[in-house]
Amino acid sequence: MAVPEASVTLTGEARGYARPADSGNVVTRHFCPNCGAPVFSVNSAMPGMMFLRASSLDDMEVFKPQMHVFTSRAPSWDKPTEGLPAFATMPPGM
């Protein structure tokens, strides 16, 4: 879930590690330091944006998908929602 970083409040600590993505941009993935659960990531090409893991939300019903990205990597049983834009990779300009 891509959201503006300023719209998120973390209620605990997160630790991250950085590495280059396929694009060459640096992606920093943040995890819970106690259990190792993934929480969010940030991408150097998109300052101010945060990519949350839906499983990290207190209430997952608050999120309403707007598009699907990286559909080329999805398993055959995970079909995009009909009517939403779907992209095989990251859409241009993101």
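Can you tell which of 6, 18 is free of Cβ contacts under 8 Å to residues at least 60 places away in the same chain, surrounded by 10 or more Cβ atoms within 10 Å (Cβ to Cβ), out of contact with any Leu (no Cβ under 7 Å at 6 or more places or on another chain) and hydrophobic (A, V, I, L, M, F, W, C)?
So the residue among 6, 18 that is free of Cβ contacts under 8 Å to residues at least 60 places away in the same chain, surrounded by 10 or more Cβ atoms within 10 Å (Cβ to Cβ), out of contact with any Leu (no Cβ under 7 Å at 6 or more places or on another chain) and hydrophobic (A, V, I, L, M, F, W, C) is 18.
Quick one: would you say residue 76 is hydroxyl-bearing (Ser, Thr, Tyr) and within 15 Å of the chain's Cα centre (by Cα)?
no
Cβ-Cβ below 6 Å, separation at least six or inter-chain, first residue in segment 46-62 and modelled with pLDDT of 90 or more, second among the hydroxyl-bearing types (Ser, Thr, Tyr): which pairs?
51/41
For segment 71-90, what are the residues that are surrounded by 10 or more Cβ atoms within 10 Å (Cβ to Cβ) and among the aromatic types (Phe, Trp, Tyr)?
Hit for segment 71-90 is 87, nothing else.
For every residue, the table says whether it meets (1) exposed (fewer than 11 other Cβ atoms within 10 Å of the Cβ); (2) touching a helix residue (DSSP H, G or I) at 6+ places or on another chain (Cβ under 8 Å).
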| site | (1), (2) |
| --- | --- |
| 11 | yes, no |
| 34 | yes, no |
| 47 | yes, no |
| 54 | yes, yes |
| 69 | no, no |
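The values are calculated or read from the model by the stated rules, or taken from the named source; none is laboratory data. Being a predicted model, the structure only gives us computed values, none of them experimental. For neighbour counting, all protein chains shown are included, and Cβ atoms are generated from backbone atoms with ideal geometry for every residue, glycine included.
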